[in-house]
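Every number here is computed from the coordinates shown, using simple stated rules; none is lab data. What you see is a predicted model, and the numbers here were worked out from it, not measured in a lab. Every residue, glycine as well, gets a Cβ built from its backbone with ideal geometry; the counts of neighbours run over all protein chains shown.
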Amino acid sequence: MPVTSRLSRFAERMSRRRAAPGRGLRIAAVAALAVAGVAAVAPVAAAVPVAAAVPVAAAVPVAAAVPGATTAQTAASAAQWTVAPADAAGPDGRISLRHVVEPGAAVEDAIAVTNLGTESARFAVVGGDGVVAADGAFDLAAGEPAEAGTWLTIDGLDAGQIEVPAGESRVLPVRIEVPADATPGDHPAGIVVGLSRADDGVTVTNRVGVRVHLRVAGDLAPALDVSEVTTSFTPSLIPFAPGTLRVELDVVNVGNTRLGAVAAARAFGAETASTDPSAPTELLPGDASTVVLESVAWPVMLLGGEVTVQPVVLGDDGISSPEPVAASFSHPAVSWTGLALIVLIAGAIVVVVRRRRRGDQEPG
């Protein structure tokens, strides 16, 4: 979706912040440093969602995570702030809010908003359901919270906002109340803190946030599955030279905990292709992701092989890794230029043989 479109959607939500918190917000994982005025510019009352997650505990301008964004280094955009998990005294060094809660129970926690700028600032604070976007960044789901986001209560706010003087921090108590009928497993959520500033008829909004890892106690069943595998082979124009095998698989989290996934494809006559083991694809419960693998393959007429997906336990999730899942595939692998060359050579041989026979049959 274009940035300007996101800006307009978020402006609508901000104008009704009591009724619709947490719409389309990309979370910078934790303690991320936000620089107002760096993400994008839109008409007055527009806003821009935080467009990509940054590494945990990173402190960078939000605009650095927004593709195509420009940085506006002006006096009006010099506000900087952080948000991080906290205790009563302030930030406590954690990278996220992480809790295991029984159904029907509640837990107390807190976040700290620190104003690193030179002027007092009024920040908007919202919570919402957690999702993983198509680019792999953690996000808040668009629209009204429908799941774990509704379990969050953030105290210490005035109409969804908090005023923080320059150089000071404010601790906001967070209460998580889990319904009695909540199902066991992971229920992701997040809290974002944003600031909007108007300058020459435009409003720019930047946001950073804290991820909430919330698990409802009970039977955990981590599991991945491969729902579909499609393949293609692109031959080389050079006769009998290796071509490219493309394997596309849909990986689904069919369990009730988040998992990472590392995929690999192996076939006779082809090199092994795999995703980066150090950067597994994150899948929340119910999520699906399409993984594409490409490798060099020889035109052996028929390529037959197998894709495997290795589940990976992420972060401090503390679960047992399930067994890998696999699916087989096959695909024709023909060198069409090679076949054409064979046909030409065979035709030439036939012509030569026939001419010789005719020559032998002619009377001397």
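Each other residue within a Cβ distance under 12 Å of residue 272 adds +1 if Lys or Arg and -1 if Asp or Glu, for a net charge of -2. Below 10 angstrom from the Cβ of residue 132, what's the summed charge of the other residues (Lys, Arg +1; Asp, Glu -1)? With Lys, Arg at +1 and Asp, Glu at -1, the neighbours total -3.
Over segment 224-333, the fraction of Cα-Cα pairs per 5 Å bin, rounded to whole percents and listed from the shortest bin up, is 2, 13, 23, 21, 14, 11, 7, 5, 2, 1, 0. Calculated FRET efficiency, residue 358 to residue 271, Cβ-Cβ distance, R0 = 41 Å: about 0.25 to the nearest 0.05.
Other residues within the sphere of radius under 12 Å centred on the Cβ of residue 175, judged by their own Cβ, net out at -4 (K and R +1, D and E -1). Using C-alpha pairs below 8 Å separated by at least 6 residues, the relative contact order for segment 143-233 is 26 percent. The peptide list 251-263, 318-330, put in order of mean Cβ contacts within 10 Å with the highest first, becomes 251-263, 318-330. Extension gain for residue 163 to residue 337 (0.36 nm times residue separation, less C-alpha to C-alpha distance): 55.6 nm.
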